Every structure is written in C-alpha cells, then in structure tokens.
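Accompanying notes for the structure given below.
The values are calculated or read from the model by the stated rules, or taken from the named source; none is laboratory data. Worth saying up front: this structure is predicted, and the values here are computed from it rather than measured. Heads up, the Cβs are rebuilt from the backbone with ideal geometry, glycines too, and the neighbour counts pull from every protein chain shown.
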Amino acid sequence: MANYYNDNPNLQFYLDHPLMKRIVELKERNFADKDTYEDAPVDYEDAMENYRRVLDITGDITANIIEPNSESVDLEGPHLENGRMIYASKTVENLDACTKGGLWGVSMPRRYGGLNLPITVFSMLSEMVASADAGFQNIWSLQSCIDTLYEFGNEEQRMKYIPRVCAGETMSMDLTEPDAGSDLQSVMLKATYSEKDGCYLLNGVKRFITNGDSNIHLVLARSEEGTKDGRGLSMFIYDKRQGGVNVRHIEHKLGIHGSPTCELTYKNAKAELCGETRLGLIKYVMALMNSARLGIAAQSVGLGQEAYNEALKYASERQQFHKRIIEFPAVYDMLSRMKAKIDAGRSLLYMTARYVDIYKCLEDIQRERPLTPEERAECKKYSRLADAFTPLAKGMNSEYANQNAYDAISIHGGSGFIMEYKCQRLYRDARIFSIYEGTTQLQVVAAIRYITNGTYLTIMKEMLENEVSEDLKPLQNTVRTLVELYEQSINYVKGANNQEVQDFLARRLYDMTGDIMMSLLILDDATHAPHLFTQSANVYVHAAEEDVIGKSIYVKNFIEEDLVNFRAKAKEVAE
Amino acid sequence: MTKALKIVVLAKQVPDTRNVGKDAMTPEGTVNRAALPAIFNPEDLNALEQALRLKEQHPGSTVGVLTMGPPRAGEIIRQGLFRGADTGWLLTDRLFAGADTLATSYALATAIKKIGDVDIVIGGRQAIDGDTAQVGPQVAQKLGLNQVTYAEEILKIENNIATIRRHIDGGVETVEVPLPCVITVNGSAAPCRPCNAKLVMKYKYASCPLERQPEDPRADLYASRDYLNLNQWSVADVDGDPNQCGLSGSPTKVKTVQNIVFQAKESKTLTASDADVEGLIKELLEEKIIG
C-alpha cells in the first residue's frame, strides 16, 4: 500500500540526524514519563521507534485517505451556512481520519493528552499531509497554535484548551484585518475589559483568517485604548463555545480550496487574555509566526515533492518523437533541478526544525528549573540559529514549491493546462505559499540583518570545514568560491552606505545566502548518504553557482544612481 | 438502553493475494506464502471497524481479536490493539495446523466458549486466501447461535436485539437478530479506521511468548508492562479435542491441484453496425459480464 513515509527514503534519512539524540534527551527529560504513561518511551531507540511508527501511520493516512480525497475537496470547497463555515464533505472525512489516527496535539506534553513529539517530527508529518493535500495541511497544522498557548497561557488555560486540541478540536490565528496585512501593527480589533462579564469583549472584523470558524482562536486585538502601534496589542483566546464570532464571508481563492479563508465579525465576543497585555504582537505573535513559517516551509517541500512525482511519472510514460520525453535533455534538466531543490530545501527545513526543537525544549525546561550556564549558552546559540534559518527555510522553499509546480506543468505540456491533471491544482495551491505568513519579501527583511551582521557567513565558513567525501571535494571548492563572492557582495552593499540600496539589493543577497547554505547542507547529506544525495548535490551546487555568480555581478555593478530607473513610477505616485 | 457488549472479532492473517507478482504460486500450484506479504484479511478489517463502532456507542464494551495461526499471526492481534481493540487471543499449536474450515471453526468455537459470555462474534465474510465463507457460519452452528451474513452495517443494538443492514443481490435488506449472535461482514462495509498513534506507541512491543527471540532487547518491559503480553492458547488451553483440530479434524482432502493459466487469445471483430453492437450487448448480458 502507498505510504508517503515508507516510500520516501530521503525523508527517512533526516530523522536519523545526530542532533536527534540531544533533541530526544531534552524532549523526554531523561524518559521521566515512562512510569506514568503507557505510550512513553523508555530510551532513545524506543523514542525513535515511536517517531517512525507515527510517521508510518501518517504516511498511510495521507496516501490512502487524504490524497484520494484531495480532488473532491478542491472541487467542492467549504461553504457558508447561517454564519457558520461548513467544510467540504471529504475534509470532514480527513479530520475524522486524523482523529482516529490520534494525530492532534502531537507536540503537546503527555500530561495534557499530547504525543510529545519534537517539532522536527511534526514538520515531517506536516510535509506528508501537504503532499497529499496542501489545503488540508493548513487546517491540520494550525494545531501548532497550541504551542503558543502552551508557552504563554497560564496553567488553567492549558488544562482547559490543550486536551481539547489533542482530541481533535481545530485552531486558528486571527491576525489579519482589512487594513492590517503585512503591517500587523495597525490591527484595530478592539478588546475591552468588562467588569460585568469578568472577561474581555472583542469587537471588530478580521479578514483572510485561515480556518476562521475553528473551535479555539488566538486573536490579536487592541487592548490599550488610544494606542496606534504594536505595543497596544494583546493576544486573546476565543472559544467558539462562547459565541459572538460569525463568519461573514468565505473567500473564493485561486488555490487551497479546501482551506476555508474567512472574514469574521466579532460582536462582544467573550475572550480570555493569553499572557500579558501589550505583548501580543511583539512577543506572542512573533512566536506564532515563526512556528507557522516553519509549517509553510514543510508545506512547500511536501507540495514540491508531489509536483516532482507527478512530473516524473508523466515524463517517464509520455512518448514523443518515439522516445519517452524524460530522455530529452530539456526535460531531464528540469526534472533533476526540481529534485535538487526539494532535496536541498528539505535539508534546510529539517535543520531549521532541529534548531527550533533544541531551543524550545530548553526554554520549556526553564519553566521547570533554572538552566545551567551550559544550557543557557546552548539555548541562546540554537535560538539564534533558528531565528536566522526560519526566514530562509520559509522563503526559499515557498519559492521552490512554485518553481516546481510551474515546471511540473511545463513537463506535462498541453495536458498540464487541463483541469483533469493534478499538476494544475498543485500550481494553484503553491501560489499562496510565498505570500502568507509573511511574503518572501518579508522573509528577506527578517533575514537581512543576519546577512549584514555576518551570522550566515560565519555558519558558512564553519560548514566549509566539514569533511566531505573525496568525490565531493571539487563541489566543496566551488562552494568555497561562492562564499568568497558572497562576502564581497555583502561588503559592497554595506560599503554603499545607503539604506535604499541595501533594501533594494537585499533579495539578491538573500537568494545567494539560500543557495550557498543549501549547497553546504546537501554536500553534507551526500557525504553521509551518497546513494540518496550525490546527484542532487551536483545539480544543486552547479545551479547555485549559476545563480550566485550572476547575482554577485549584479550587486557589484550596481550603483546608487541606478535606483532612478527603478523608482521612477514610485516617485510619480508619491507625488 | 445501551448495554456494555463483549465482542469477539474473528480475524485471519492471510497472504496478500491482491498484489500477486510472478512468484505468487509455486510450480506445484500452491500459494507461495514466502513471496506474499502477510496481511490482515481485508473483510476482517471491515468486521473490526463494526466492532469498534459498537464499542464507541456502548460504553463499557470490550473488543477482543481472536485469531489462529503460527506465532507470527500475533501481528493480527497487535493490528487490532493499534486500532482500539482491548485484548486478543492467538490460537497457536502444532495440533491446530493444517486445519480446513471445519477444524478451524471447531477451534474458534471452542476458544469462544473458553472466553465466555460473548454477546457478538463478528468476522469478515471470507478470507482472500481460501474464499470459502464457511468459517463464520460454522462457528455459529457449533455455538448454536443465530447468524447474519453479508452484513454491511450494524445499525443499532437495543433491548438485546441487533438491527443489521445486509448486502444482498440487487440491493440491501435490514434484519433483526437477538444477541448473542454471529455476524459476518461484507467488503462493502465501511473501511477500517487507521492505527492510532498513542495505541501504537503503547502496544508496539506487545507479543505472544512464542514470537519472542531468546535475547529479546525489550525483555524487561514484558515484566513491567503486562499489557505487552498477548494471550497465546494451545489446544489444551481451550480444552479442545485434538482429534477435531488441525489436520486430523479436517475431512477436506485435496485430491489434485490444477495450475490454470489463461491462454485464450480468441478475438472477435465487430463492425459499427447496429446489429453487431446489439449482438455484443446481448452476449455480454448472457455471460453476466454486464447487467
């Protein structure tokens, strides 16, 4: 039987990374749960076996229930009935399968009913759900909102909400408003404390809320009257059982049809404050966004893989000029690049996930006891790495998913433009990946300080010291040259000493960062598992070379005066 | 009125004859079990799903999986536990080996008596290796219970009466049956639910003593986690009569086995004329290929 986990040795490879040992150790607190919970592991091997089993179950559910339902979900979509969102009928089936499979609250501690899985494993589950149906992955992976409630809510709130999520109740994060998209500081939804009700009341409108009719909402709202910026915003928990929030409209979208995008009206909706006031945006939503961005990176890899699988299958069967089209260089060039992007992007995704795991576990331990100085240093190190890697993983993978979906249609030729083929849906679904949870342009903004302050450069130089296998040495030398060009480009941009020039060239520097970082990661993978990654390492590093050299020349030749040509229209509008 | 039910699911480990490769048969024309993966008989999974639904609807109910086979058939019990069954019994003994449907139903019926106070015995209509559909009805006969075959859905159980929808030729019929009873489930019933993550983590090392290796790395767990020890019953354990078990209890004798290879390359050429098309439709109807 088809299984998205067992059929994908590349995915399996990332589970066995050496850092997993530390992650398991931290996550399981030296296996303290083993005498209390029947499903708790007793040692490292046992924990890994548990992870493999859950991956196997999810591989089965995704391949045999969710994927077969995906076309019907895309065609039917959700609908609105008396202010309530009704899922597509097959979405309900998918949700039920996930409940029977016990795939909710997977990252939560066992004492609340969770599976206590690391984020790395959660991301792998997420990738597979996205391969099967990217729109359903939204609904499913929004369960990770519970991480934020767990981190910042009080014990009473944890006891109240986490078991419900573990039992299959869904979540949403209500952030965007008609006039607050990328700029969340402008959020207007009003939160007023009511002495009479003993809770906050929410009033206003939210827009573009994914899974907006969920059971448990995390809501960003303005609690501090008279404020205009992010510091007046707090985070609230709205429980659908309370009532007061209705769905006014469900958006008709280009893709991810199964994922309901709702416009919500709040009328005196009772809500609980989560954490402290004023920290809503600057602390909690940032945490929420970082985990959501990792989710989109996983979604992107999952869809990219599916697009590749579809393209490979078609190219291996379709004959033209008495040959299978995969035999033509123009086609196998596309296919091998698609594969290389997935492999390199996946490596970046799971490296990021491991970094997140380590620092989040340490932060969690800190809630129980003070960290040792070594642990504090470790936490800081990985937190910084996670912050630096997350915008790369989200931005690069979401762009790759789009490129792969585009190429999958190219390989299908005219058939790819016909609605009967799956690749058209993948193409439509992928388009939002590089937009929501922060556009690629905003990922660049998040990454640029790590570019200019040399964080990435230091990591690259460290990684260049890694031993690679003999036959990969030439590739490593190529990357070494690219790192030099990259350093020159950064220095050039910094030397220009002009903020607008830096902002303008930031995307080029970002792309170069991604290209080089993933080249280094895939060289490492190819050294450890040559049978899985040698081809992709070659293809990827050469493509990176093509891109980095071109961009380094662009940066080097760019002068401040060039901006005139680009901003002519902007100037007109401004005037 | 809801009543807690004691349900026994009959399940068989079978070679996966649905994905037959070129090595599936031996030159002698018997099934090459080594070349085919061993799976949970598909219609027994449909039966398990019905049992698990009853358990959900009738709080306090228990579901146990009863299987007969070599030690590795313990996997069937684990698969049941992974999906929500509470317990299981593996009938394993050299004396059970070589059983035809009569000896199998004797063994199962004897075990069910041993389990005692069972409200519902439920299994698949038939197994994909033998396709006889005899075991379920024979178990009912030996236990003196009412039986419902070709069941598609157990609609309700009230006042000790089960209402069941059956799949019959050309439609469905709804019947009532007093408990205790035996039900065999058709493949058109709801598919079985997936394995549950927590249950898999809990029961993954569950095994019968005979399945275990001498140097089992998880041996210490069997002592501290009793639920990892699956019931393993011999003929003696169920107070069975050895003469009615296994080969000695099986009147069926295989006389010869014919290896049938489809070689017919017969073809007909039809024109687009109405007469030819009508002739073809008639022929297909008569041959029961369509209609």
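For the stretch A:57-80, does any single residue satisfy the condition of being under 30 Å from A:ILE365 (Cα atoms) and aliphatic (A, V, I, L, M)? Looking for residues that are under 30 Å from A:ILE365 (Cα atoms) and aliphatic (A, V, I, L, M), one finds at least one in the stretch A:57-80, hence yes.
Residue-wise test of (1) under 30 Å from A:VAL121 (Cα atoms); (2) within 22 Å of the chain's Cα centre (by Cα).
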position	(1), (2)
B:PRO209	no, no
B:ARG212	yes, no
B:ALA219	yes, no
B:GLN232	no, yes
B:GLY246	no, yes
B:LYS255	no, no
B:VAL261	no, no
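For A:SER489, indicate whether it is crowded, with 17+ Cβ neighbours inside 10 Å, small (Gly, Ala, Ser) and modelled with pLDDT of 95 or more. So A:SER489 fits the description; yes. Scanning the stretch B:137-144 for any residue that is surrounded by 13 or more Cβ atoms within 10 Å (Cβ to Cβ), assigned to a strand (DSSP E or B) and either among the β-branched types (Val, Ile, Thr) or free of Cβ contacts under 8 Å to residues at least 40 places away in the same chain (or both) turns up nothing. Here A:ALA132 passes the criteria (1) surrounded by 24 or more Cβ atoms within 10 Å (Cβ to Cβ); (2) closer than 24 Å to A:VAL245 by Cα; (3) in the same structural domain as A:ALA47 (by TED's automatic domain parsing) except the one numbered (2).
Contact map, the stretch A:553-571: residues that are touching a residue at least 60 places away in the same chain (Cβ under 8 Å) and assigned to a helix (DSSP H, G or I) paired with residues that are acidic (Asp, Glu) and surrounded by 10 or more Cβ atoms within 10 Å (Cβ to Cβ), Cβ distance under 7 Å, separation 6+ or inter-chain. Pairs shown: A:LEU563/A:GLU500.
Test A:ASN138 against the stated conditions and say whether it is out of contact with any Pro (no Cβ under 6 Å at 6 or more places or on another chain), in a helix (DSSP H, G or I) and under 16 Å from A:ASN397 (Cβ atoms). Answer is yes for this residue. The strands (runs of 3 or more DSSP E) found entirely in the stretch A:196-254 that carry 1 or more residues being of a type in the set (D, E, K, R) and over 25 Å from A:ILE435 (Cα atoms) are A:233-239. Between A:ILE516, A:ILE549, the distinction of being buried (at least 18 other Cβ atoms within 10 Å of the Cβ) and at pLDDT 95 or above belongs to A:ILE516 only. Listed by first and then second residue, the pairs linking a residue in the stretch A:56-77 that is more than 14 Å from chain B (Cβ to nearest Cβ) to a residue that is in a helix (DSSP H, G or I) and hydroxyl-bearing (Ser, Thr, Tyr), with Cβ atoms under 7 Å apart and 6 or more places separating them unless they lie on different chains, are A:VAL73/A:THR91; A:GLU76/A:SER89. Can you find even one residue in the stretch A:8-21 that is part of a loop (DSSP other than H, G, I, E, B), charged (D, E, K, R), surrounded by fewer than 17 Cβ atoms within 10 Å (Cβ to Cβ) and more than 11 Å from chain B (Cβ to nearest Cβ)? Yes, because at least one residue in the stretch A:8-21 is part of a loop (DSSP other than H, G, I, E, B), charged (D, E, K, R), surrounded by fewer than 17 Cβ atoms within 10 Å (Cβ to Cβ) and more than 11 Å from chain B (Cβ to nearest Cβ). Of all the residues in the stretch A:484-522, those that are in a helix (DSSP H, G or I), over 19 Å from A:MET396 (Cα atoms) and in contact (Cβ under 8 Å) with a residue 60 or more places away in the chain number 8. None of A:ASP46, A:ASP35, A:ASP39 is more than 30 Å from A:GLU156 (Cβ to Cβ), acidic (Asp, Glu) and within 11 Å of chain B (Cβ to nearest Cβ) except A:ASP46. Does A:ASP364 satisfy the criteria of being part of a helix (DSSP H, G or I), of a type in the set (D, E, K, R) and touching a Ser or Thr at 6+ places or on another chain (Cβ under 7 Å)? Here the answer is no, as A:ASP364 does not meet what is asked.
A quick yes/no check of all residues on (1) within 14 Å of chain A (Cβ to nearest Cβ); (2) surrounded by fewer than 14 Cβ atoms within 10 Å (Cβ to Cβ); (3) assigned to a helix (DSSP H, G or I):
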position	(1), (2), (3)
B:THR163	no, no, no
B:THR174	no, yes, no
B:VAL182	no, no, no
B:GLY187	no, no, no
B:CYS192	yes, no, no
B:TYR205	yes, no, no
B:GLU215	no, yes, no
B:LEU221	yes, no, yes
B:ASP237	no, no, no
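Assuming A:GLN157 fulfils every condition listed in (1) of a type in the set (S, T, N, Q); (2) assigned to a helix (DSSP H, G or I); (3) buried (at least 22 other Cβ atoms within 10 Å of the Cβ) apart from one, which condition is it? So the condition that A:GLN157 fails would be (3). Candidates A:TYR4, A:TYR44: the one that is touching a Gly at 6+ places or on another chain (Cβ under 6 Å), more than 18 Å from A:LYS360 (Cα to Cα) and modelled with pLDDT of 95 or more is A:TYR4. The criterion of at least 3 residues that are at pLDDT 95 or above and in contact with a strand residue (DSSP E or B) (Cβ under 8 Å, 6 or more places away or on another chain) is met by the following strands (runs of 3 or more DSSP E) wholly inside the stretch B:1-100: B:6-10, B:62-68, B:87-91. Among the residues of the stretch A:190-202, write down those that are surrounded by fewer than 23 Cβ atoms within 10 Å (Cβ to Cβ) and of a type outside the set (Val, Ile, Thr). The answer is A:LYS190, A:TYR193, A:SER194, A:GLU195, A:LYS196, A:ASP197, A:GLY198, A:CYS199, A:LEU201.
The residue list A:TYR150, A:TYR112, A:TYR161 contains one member that is under 29 Å from A:ASP16 (Cβ atoms) and more than 14 Å from every other protein chain (Cβ to nearest Cβ), which is A:TYR150.
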